[in-house]
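The values are calculated or read from the model by the stated rules, or taken from the named source; none is laboratory data. The shown structure was predicted, so the numbers you read here are calculated from the model rather than taken from an experiment. Virtual Cβ from ideal backbone geometry, glycine too; neighbours counted across all protein chains shown. Heavy atoms of the whole protein, side chains included, go into the accessibility calculation; ligands, DNA and RNA do not. Shrake-Rupley method; radii C 1.70, N 1.55, O 1.52, S 1.80 Å.
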Amino acid sequence: MDIQQVLQGALALNGDDKKYVVTIEGNTIVTTVKWMNAVFFAPGSVTDAVKEFKFIAKLNDNNTWIEVDKSKSAKKSIGKSGFNMSYSTFKGKEFSFDRTIGIGKNRNDNSTGIIDIKFNSEEYKKPVSEYLASCGYKKTNKGFFASLFSK
């Protein structure tokens, strides 16, 4: 299989039952998941939180691939102490696990009441990693920093 066939084949990882979306950008397979999109209510405050994770697999001509993760988080809250806002981004390699339990509204599934949101980055890396292995690709760290600092 050539690179273009591998890239196009990765789109089959999408599905209505998936929490993520796989897209192709140049020679990269990008898995995106907006894993938190919720409003939390606490005594004296309301917090709006949005968190997104991207797993990027850049394919090389020699049947290898490079991994880069991107995540971003935005949080706004209003309460007795006033209005607070925070935003953070990360680009590199990460393993992250998060579990948030609170009272509010989960916009991802429109549930209200006690919401329990779980995230494990490896859950979203696994489908692409396994797919690339089945296509004969091997993960490499060679060129990681070049990939990290490229646009």
* What's the number of the condition N120 fails, among (1) surrounded by 13 or more Cβ atoms within 10 Å (Cβ to Cβ); (2) at pLDDT 95 or above; (3) closer than 20 Å to L59 by Cα? -> (3)
* To do: Would you check which residues across the stretch 76-97 are loosely packed, with under 10 Cβ neighbours inside 10 Å and of a type outside the set (D, E, K, R) and list them?
  => S81, G82, F83, F95
* When only residues in the stretch 133-145 that are assigned to a helix (DSSP H, G or I) and open to solvent by 40 Å² or more (accessible area, probe 1.4 Å) count, which is nearest to S71 (Cα to Cα)? -> F145
* Out of all the residues in the stretch 50-62, is one or more over 23 Å from N106 (Cα atoms), among the aliphatic types (A, V, I, L, M) and out of contact with any helix residue (DSSP H, G or I) (no Cβ under 6 Å at 6 or more places or on another chain)? -> yes
* To do: Working only within the stretch 1-20, note down all residues that are under 17 Å from the mean Cα position of the chain (by Cα), exposed (fewer than 14 other Cβ atoms within 10 Å of the Cβ) and part of a helix (DSSP H, G or I).
  => L11
* Asked: Is it true that some residue in the stretch 96-118 is closer than 25 Å to A12 by Cα and among the aromatic types (F, W, Y)?
  -> no
* Out of the residues in the stretch 66-100 that are hydrophobic (A, V, I, L, M, F, W, C) and in contact with a Lys or Arg (Cβ under 6 Å, 6 or more places away or on another chain), state the one that is farthest from V46 (Cα to Cα). => I66
* Give the residues of the stretch 89-132 that are touching a Ser or Thr at 6+ places or on another chain (Cβ under 8 Å) and in a loop (DSSP other than H, G, I, E, B), sorted by residue number. => E94, F95, S96
